[in-house]
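The values are calculated or read from the model by the stated rules, or taken from the named source; none is laboratory data. As the structure is a computational prediction, the values presented were derived from the model and not from experiment. Reconstructed Cβ throughout: ideal geometry from the backbone, glycine too, with neighbour counts over all protein chains shown.
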Amino acid sequence: MSARARLWFPHTTHAAAAAHDKEVVNDMARSSTGLSRRAFLAAGLGAATVPLLAGCSSGTGTTVAAGLFGTKLPTSTLIYWNLFGGGDGTRMQAMEAGYEKQYGANSLQATTFAWGNPYYTKVTLATVGNKPPDVAVSHLTRAKPLWDGGLLEPITDDDLASVGLSASDFSQRPWNEQRTDGQNICVPLDTHPLVMFYNDDVCRKAGLMDSSGTLKKLNNLDEFESALAAISKVTKGPAMTIANVAGETATPWRVFWTFYNQHSQATPFLSDNGSKLTVNEDVFNDVTTRLQSWVKKGWVNSGLDYATAESYMFTGKAGLYLEGEWEITTAQSVKGLKFGIVPVPTLYDKAATQADSHTFVLPRKDRTPEQRKQAMLFIRSMLDQSLTWAKGGHIPAYQPVARSAAYKTLKPQSDYASVASSAVYDDPAWYGGSGSTFENIVGAQLGLVQQLTLSPQEALQAIKSQLSVYLNTPSPL
Amino acid sequence: MTTATAARPRPRAVRNSGLTYRSPLQRKDGRSAWLFLAPFGVFYLAFLLGPTIYMLVMSFFNTSMVRTGLGSFAGFANYAEMLTRPDFWSSLLHTLQFTLYTTPPLVILAFVFAVLTNRFNRGQWFFRLAFFLPFILPSATISLIWVFVFTPSTGLWAMVETWFGITPGSGVLSSPNTAMIGVAIATVWWTLGFNFVLYIAGLQEIPRELYEAAAVDGASAWSQIRFITIPMLARTTTLVVLLQIIASLKIFDQVYLMTGGGPGISTQVSLQLITGTAFTDNRLGAASAASVLLFIVIIVIAIIRQLTDRSAAKKEA
């Protein structure tokens with residue numbers, strides 16, 4: 001950046017050229033002694049060109065050429081963007097390989113980007129620039145702003161029928177949630193809720209395990225709190241960990257949104273696509289005060305980052321751990337750890353759990369009917385391989401897999417499959433959804449509440465003032 | 001180039017002396033000059049002037065990233081929003097903080113290294129190459145290198161800390177107090193070479209006779225630097241400082257790649273806020289307003305620097 005900016009300055013060339021003149025003299029003086037720098041550089045440049053040219057003739061070369069010269073990829077190659085790293089990334093690659101096995105070696109070009117805001121920025125810019133992928137992954141809550149921006153194509157019943165799918169093949173909750181303006185904006189792959197991890201050994205010592213070796217059902221606030229007290233006695237420290245520092249804003253939000261929605265008086269946090277703050281302040285205070293009371297009693301940590309919060313449960317320093325089910329991969333990789341996963345207990349009036357879904361979207365672009373069919377075939381192929389995906393903890397949205405015996409025997413994944421029906425998604429807003437500006441702002445304040453540095457009232461004030469910019473700005477979508 | 005000597009006339013002095021300078025160019029040469037300028041002029045218009053004017057216009061509208069056209073008229077709402085946003089001010093402060101951290105070392109170190117290198121008669125090319133080499137690397141590469149160096153507890157930085165008996169903490173880039181320093185160190189290492197080359201070029205234009213005369217008069221090496229090198233390089237220093245301040249105010253790559261603006265928003269700089277507003281929030285109008293404000297800040301700083309420089313030059317004269 002800086003270099004380019006400087007080269008616009010004509011003064012620079014004056015001094016640089018002077019230096020250059022001297023160098024010419026130096027070079028000529030030295031040329032008799034051996035290889036001159038210029039010759040060396042020329043040789044290096046030449047050497048660098050060879051593999052580039054060679055690359056153009058090979059299979060990946062067509063991709064390189066498409067990037068450099070804008071030539072078209074073979075039309076049969078489907079371009080697919082996703083945001084999966086870690087265990088999810090590995091499983092997604094296995095599923096991509098499954099698609100390639102069926103449709104040929106060059107049938108797919110899959111690209112993985114860093115998740116969160118940067119990913120959705122890329123999808124948006126590529127679509128606005130008329131170079132979007134054929135199929136992209138999006139969180140359900142982020143697909144809505146994309147749809148509002150006119151960046152997605154609706155998926156019609158004919159599209160679904162062309163690859164043998166229909167609405168009844170999907171979990172009710174995500175399917176109904178994605179319906180927007182009477183259209184299908186995406187095809188859900190899974191539901192990924194907040195869940196409760198527990199350490200077998202700690203919970204057994206605390207007398208919380210039933211005869212079958214799973215955590216006893218904790219049906220209300222009193223039972224839950226006495227369980228926390230019992231675990232705390234065993235660990236001589238926190239009973240339950242919730243990550244809330246070092247930039248971790250998503251987890252405090254997920255936990256808050258779960259307990260908040262278990263209240264029968266819960267109202268949406270945001271309404272009218274993010275232009276009104278409609279949070280029920282009494283419920284907000286009740287939930288956050290309760291959390292603070294747990295921290296004050298030493299049952300819940302006051303400040304732990306994501307990895308440390310998790311390691312507390314892994315190492316028995318805590319009995320319970322609240323996080324998304326995707327941490328199952330990390331938990332399974334810990335040697336000698338006996339753990340289980342259950343839905344977050346219902347402490348208030350009704351069952352509710354914060355969740356989102358990974359979905360497939362079709363970005364707006366010119367497609368032939370064949371290309372459209374191919375994109376749908378790809379989605380179908382991914383859905384068919386949902387069992388591979390489910391191993392990473394996500395609850396399959398595709399019912400033929402979710403109801404299969406193979407999934408039901410998948411433990412502990414199937415222990416919390418029921419959560420999908422009580423999933424609560426983030427409120428639609430142009431600045432909302434998973435990993436969004438909204439989650440960052442609200443989650444940061446909730447993290448401070450847990451650290452006891454802010455009272456619930458102060459946090460709410462801070463949230464109101466920081467959100468006011470977005471509440472008062474007309475949606476750019 | 002060859003006529004550039006120690007007694008470089010100041011342009012202002014020429015104007016004041018009343019000398020008239022007759023150009024050897026004829027009037028008809030003008031037309032072909034325009035022709036030669038045209039290719040660059042077109043680019044300049046299409047990619048610099050055009051977008052700048054468009055930005056100014058957009059800053060008064062609720063322009064969206066995903067909609068065509070300017071959108072509804074916003075008046076000064078975008079400016080009012082930016083000026084009342086705490087994160088706009090904090091990002092501006094971080095930009096100034098980065099400029100303060102990087103400009104002095106980049107000017108002073110470049111000067112010191114250039115003077116030292118210039119003392120070598122043989123093998124000077126090696127030092128010139130060594131100091132300039134990092135500059136040709138892309139920002140992504142240097143960011144990777146330095147993130148690697150700053151890796152908590154196992155990185156090179158932590159290793160050096162343990163040699164001195166310091167227990168490595170959570171890493172330079174993980175603490176809000178030190179993250180910007182980490183980025184500044186990486187930047188100094190990266191861009192030192194450019195200022196270094198300017199100084200080397202300046203040094204080689206200082207006539208040897210001056211040093212010889214000074215040596216004959218018994219001036220020490222330090223006196224020679226103090227009374228010959230530094231004054232003779234004054235114009236180079238002026239240029240280097242100006243370019244450096246402007247480049248530092250436009251910081252984006254390293255911060256984006258090394259800390260992503262974190263921890264929290266403790267290293268978020270203005271350009272990052274602007275890209276975030278424009279391409280993540282899809283609000284081109286608001287982002288344009290922020291750009292215009294940053295543009296004004298840079299111009300003001302450049303003017304202040306120019307004025308102080310001018311008054312210093314007057315004092316000298």
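Checking B:Thr259 against (1) within 12 Å of another protein chain (Cβ to nearest Cβ); (2) at pLDDT 90 or above, only one condition comes out false. Which one?
With respect to (1) within 12 Å of another protein chain (Cβ to nearest Cβ); (2) at pLDDT 90 or above, B:Thr259 is out only on (2).
Would you point out the residue of region A:311-349, among those that are among the aromatic types (Phe, Trp, Tyr) and closer than 17 Å to A:Ala423 by Cβ, that is surrounded by the most Cβ atoms within 10 Å (Cβ to Cβ)?
That would be A:Tyr348.
Does region B:230-253 contain at least one residue that is surrounded by 17 or more Cβ atoms within 10 Å (Cβ to Cβ) and away from every other protein chain (no Cβ under 14 Å)?
The answer is no; no qualifying residue exists.
Identify the single condition in (1) in a helix (DSSP H, G or I); (2) surrounded by fewer than 13 Cβ atoms within 10 Å (Cβ to Cβ) that B:Asn121 does not satisfy, given that it satisfies every other one.
So B:Asn121 meets the others, but not (1).
Could you grab me the full set of residues in region A:402-438 that are under 17 Å from A:Val195 (Cβ atoms), free of Cβ contacts under 8 Å to residues at least 12 places away in the same chain and hydroxyl-bearing (Ser, Thr, Tyr)?
Within region A:402-438, A:Ser414 is the sole residue that qualifies.
Taking region A:179-234 on its own, how many of its residues are more than 32 Å from the chain's Cα centre (by Cα) and in a strand (DSSP E or B)?
1
Suppose we filter region B:63-84 for residues that are within 24 Å of B:Ile246 (Cα to Cα) and either basic (Lys, Arg) or within 10 Å of another protein chain (Cβ to nearest Cβ) (or both); how many remain?
Counting residues in region B:63-84 that are within 24 Å of B:Ile246 (Cα to Cα) and either basic (Lys, Arg) or within 10 Å of another protein chain (Cβ to nearest Cβ) (or both) gives 1.
Would you pick out the residues in region A:423-477 that are under 20 Å from B:Phe279 (Cα atoms), among the aliphatic types (A, V, I, L, M) and either buried (at least 23 other Cβ atoms within 10 Å of the Cβ) or within 11 Å of another protein chain (Cβ to nearest Cβ) (or both)?
A:Ala429, A:Ile441, A:Val469, A:Leu477
Looking only at region B:139-181, count how many residues are surrounded by 13 or more Cβ atoms within 10 Å (Cβ to Cβ) and closer than 22 Å to B:Thr95 by Cβ.
15
Hey, could you check region A:350-387 for residues that are of a type in the set (S, T, N, Q) and surrounded by fewer than 17 Cβ atoms within 10 Å (Cβ to Cβ) and say which is farthest from A:Arg91 (Cα to Cα)?
Once the filter is applied, the top-ranked residue is A:Thr368.
Condition (residue is in contact (Cβ under 8 Å) with a residue 60 or more places away in the chain, hydroxyl-bearing (Ser, Thr, Tyr) and surrounded by 18 or more Cβ atoms within 10 Å (Cβ to Cβ)) applied to region A:193-205: is it met by at least one residue?
Checked against the condition, which is being in contact (Cβ under 8 Å) with a residue 60 or more places away in the chain, hydroxyl-bearing (Ser, Thr, Tyr) and surrounded by 18 or more Cβ atoms within 10 Å (Cβ to Cβ), region A:193-205 yields at least one hit.
Against the definition (crowded, with 19+ Cβ neighbours inside 10 Å, within 12 Å of chain B (Cβ to nearest Cβ), within 18 Å of A:Val187 (Cα to Cα) and touching a helix residue (DSSP H, G or I) at 6+ places or on another chain (Cβ under 8 Å)), how does A:Leu146 come out, yes or no?
Yes, satisfied.
Inside region A:84-175, counting only helices (runs of 4 or more DSSP H) that do not spill past its ends, which hold 3 or more residues that are at pLDDT 85 or above and touching an Asp or Glu at 6+ places or on another chain (Cβ under 7 Å)?
none
Across region A:125-139, what is the number of residues that are more than 14 Å from A:Ala110 (Cα to Cα) and either surrounded by fewer than 24 Cβ atoms within 10 Å (Cβ to Cβ) or of a type in the set (Gly, Ala, Ser) (or both)?
So the count comes out to 8.
If you scan region A:281-309, which residues turn out to be in a loop (DSSP other than H, G, I, E, B) and over 21 Å from A:Thr437 (Cα atoms)?
Passing the criteria: A:Lys297, A:Gly298, A:Trp299, A:Asn301, A:Ser302, A:Gly303, A:Leu304.
Every residue, every condition in (1) part of a helix (DSSP H, G or I); (2) within 12 Å of chain A (Cβ to nearest Cβ), yes or no:
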residue	(1), (2)
B:Thr154	no, no
B:Gly165	no, no
B:Thr187	yes, yes
B:Gly202	yes, yes
B:Leu210	yes, no
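Which of the residues that make up region B:262-309 are surrounded by fewer than 21 Cβ atoms within 10 Å (Cβ to Cβ) and away from chain A (no Cβ under 14 Å)?
Listed by number, the residues that qualify are B:Val292, B:Leu293, B:Ile296, B:Val297, B:Ile299, B:Val300, B:Ile301, B:Ile303, B:Ile304, B:Arg305, B:Leu307, B:Thr308.
Pick from region A:209-221 the residues that are in contact (Cβ under 8 Å) with a residue 24 or more places away in the chain and among the hydrophobic types (A, V, I, L, M, F, W, C): which of them is nearest to A:Pro412 (Cα to Cα)?
A:Leu215
When the residues of region A:422-436 are narrowed to those that are at pLDDT below 85 and among the polar types (S, T, N, Q), which ends up nearest to A:Ser212 (Cα to Cα)?
Top of the filtered list is A:Ser434.
Report yes if some residue within region A:292-307 is under 24 Å from A:Ser421 (Cα atoms) and at pLDDT 90 or above; otherwise report no.
no
Could you list, in sequence order, all residues of region A:377-401 that are of a type in the set (Val, Ile, Thr), part of a helix (DSSP H, G or I) and touching a residue at least 24 places away in the same chain (Cβ under 8 Å)?
A:Ile379, A:Thr388 - these are the residues of region A:377-401 that are of a type in the set (Val, Ile, Thr), part of a helix (DSSP H, G or I) and touching a residue at least 24 places away in the same chain (Cβ under 8 Å).
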